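Peer 1: Let me give you the structure first, and then I'll get to my questions.
Since every read-out is calculated from the coordinates, none of them should be taken as a lab result. From a predicted model like this one, the values you see are computed outputs, not experimental measurements. Quick reminder, even Gly has a Cβ in these numbers, built from the backbone with ideal geometry, and neighbours come from all protein chains shown.
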Amino acid sequence: MTQRTLRERIPTQLKAVVGHSSRTFGRLTAASRMLPGLLVCGGQRCGTTSLYRALAQHPAILKPVFHKGVHYFDTNYQRGPAWYRGHFPTQGAAARIADRTGLAPVAFESSPYYLYHPLAAKRFARDLPGVKVIVLVRDPVERAWSHHAHEVARGFEPIVDFAEAVEAETGRLAGVEERLRKDPALYSFEHQHHAYTARGQYADFLEPLAAQVGRDKVLVLDSGEFFTRPEDAFERVLRFLGLPWIGQFAFARHNARGRPSPMSAELRELLTEHYGPHDERLAEWLGGVPSWRR
């Protein structure tokens, strides 16, 4: 029986109880646990799960104990630092890895909404001084379409037609970001799940991120290059982290979804034109023209 099959056979209520108990234990032992030195912050539907799984194969890069994305700095900040720290490996485990590899281990997590929540970067820049950030980007037209399909599949999007969801986006998001900035306790379902076209204006989010953590602490990867030449892209990641290539890595694409709603040629052309100036700004971050514009 595979590990995935075993997980699927565990009753949902039992998994919830085990998860709650584990997180409680993590919080109680928070003082002995690591804090992350790396955050994979987005973008959404840009290959963050694939990068997460590649990173987790490195012996000196330590993933969260419970799940891929903790979502502390966006939607769980009110839970406090002990809750957050409780999600990561112990310092004792890190010390054993350091003895075995001769490397200083780096803990990390991947929460793609961090890139987009207006308060997240300020929070983790303050709470994790010196933290490094990786952002993946992809063709913003395909990203928006994939994002919509993902939300429909999860039951989070009642507007099944992609064109209609794009048309509704402006009204759904009107004034929401400003309200999130003013009220740290506020949560917006629409902002997290229904911002399809806005999410692909990458430079709009990268610039304030770099202003908080420092430009040298941000690595932007073109997911098209990550999937076509994963070894080269991953080598850049390891150089960014100051770690050597150790062992063998399996690179695969994860979380790909079909499209429940087609995209017309007219809408594709309109969106492609819309993203033109945004992609030009993004080129400065990538050091060249994005793969989807070549």
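Peer 1: Treating each Cα of the stretch 161-285 as an identical point scatterer and ignoring solvent, apply the Debye formula and state log10 I(q)/I(0) at q = 0.14, 0.19 Å⁻¹.
Peer 2: -0.92, -1.31
Peer 1: Name the residue farthest towards the positive end of the dipole of the chain from the options His67, Met263, Pro89, assuming +1 on Cβ of Lys and Arg, -1 on Cβ of Asp and Glu, about the Cα centre.
Peer 2: Pro89
Peer 1: Here is a follow-up. Just want to confirm a number: the relative contact order over the stretch 33-293, from Cα pairs under 8 angstrom separated by 6+ residues, in percent.
Peer 2: Values: 372 pairs, mean separation 66.9, N = 261.
Contact order relative to length: 26 percent.
Peer 1: Something else: Calculate the dipole size of the stretch 33-293 relative to its Cα centre from +1 charges on Lys and Arg beta carbons and -1 charges on Asp and Glu beta carbons; express the result in debye to the nearest 20.
Peer 2: My answer is approximately 1320 debye.
Peer 1: Give the distance, in whole Å, between the Cα centre of the stretch 172-242 and the Cα centre of the stretch 278-294.
Peer 2: 15
Peer 1: While we're looking at this one, here's another question. Out of all DSSP beta bridges in the chain, what portion is antiparallel? Express it as a percent rounded to 5. Each step should come with its number before you reach the end.
Peer 2: On the way: 1 of 15 bridges.
Antiparallel bridges: around 5 percent, rounded to the nearest 5.
Peer 1: Here is a follow-up. Which value, in nm² and rounded to one decimal, describes the direction-averaged projected area of the C-alpha convex hull of the chain?
Peer 2: Details: hull surface 65.3 nm².
With the hull built on Cα positions only, its mean projection is 16.3 nm².
Peer 1: Follow-up question, since we're still on this one. Determine the relative contact order of the stretch 32-159: mean sequence separation of Cα pairs under 8 Å and six or more apart, normalised by residue count, in whole percent. Spell out each step's value before the answer.
Peer 2: Numbers: 186 pairs, mean separation 54.9, N = 128.
Reported as a whole number, the value is 43 percent.
Peer 1: While we're looking at this one, here's another question. Output needed for the stretch 39-151: three equivalent-ellipsoid semi-axes, defined as square roots of 5 times the C-alpha gyration tensor eigenvalues, in descending order, whole Å.
Peer 2: One finds semi-axes of 26, 18, 12 Å for the stretch 39-151.
Peer 1: If neighbour count is taken as other Cβ atoms inside 10 Å, put Ser146, Ser264, Ser110 in order from fewest to most. Each step should come with its number before you reach the end.
Peer 2: On the way: Ser146 21, Ser264 10, Ser110 26.
The fewest-first ordering by Cβ neighbours comes to Ser264, Ser146, Ser110.
Peer 1: Which of Arg259, Arg154, Arg126 moves the most in a Gaussian network model of the chain with Cα springs under 10 Å?
Peer 2: Arg154
Peer 1: While we're looking at this one, here's another question. Do any of Lys122/Lys182; Lys182/Lys217; Lys68/Lys132; Lys63/Lys217 go past 22 Å between their Cα atoms, and which?
Peer 2: Working: Lys122/Lys182 14 Å; Lys182/Lys217 27 Å; Lys68/Lys132 17 Å; Lys63/Lys217 19 Å.
Pairs exceeding 22 Å: Lys182/Lys217.
Peer 1: Compute the orientation-averaged projected area for the stretch 57-123 from the convex hull of its Cα atoms and round it to one decimal in nm².
Peer 2: Working: hull surface 19.8 nm².
Directional mean of the projected Cα hull area for the stretch 57-123 stands at 4.9 nm².
Peer 1: Per 0.36 nm of contour for each residue apart, how much would the distance between Asp161 and Gln57 grow if the chain were fully extended, relative to their Cα-Cα spacing? Numbers along the way, then the final one.
Peer 2: Working: separation 104, 0.36 × 104 = 37.44 nm, distance 3.83 nm.
Stretched out fully, the Asp161 to Gln57 stretch lengthens by 33.6 nm.
Peer 1: Give me the base-10 log of I(q)/I(0) for the stretch 27-74 at each q in 0.16, 0.21 Å⁻¹, Debye formula, one uniform scatterer per Cα, rounded to two decimals.
Peer 2: The Debye formula, applied to the Cα set alone, gives -0.52, -0.86.
Peer 1: Please compute the length gained on full extension between Arg229 and Ser261, using 0.36 nm multiplied by the number of residues separating them and subtracting their Cα-Cα distance.
Peer 2: On the way: separation 32, 0.36 × 32 = 11.52 nm, distance 3.00 nm.
Between Arg229 and Ser261, full extension yields an extra 8.5 nm.
Peer 1: Which one, Val289, Cys41, Gly102, projects farthest toward the positive side of the charge dipole computed for the chain from Cβ point charges (K/R +1, D/E -1)?
Peer 2: Of the options given, the answer is Gly102.
Peer 1: Sticking with this structure for a sec: Please name whichever of Phe240, Phe162, Val141 sits farthest to the positive end of the charge dipole of the stretch 33-293, dipole taken about the Cα centre and charges placed at Cβ: Lys and Arg +1, Asp and Glu -1.
Peer 2: Of the candidates, Phe240 comes out farthest on the positive side.
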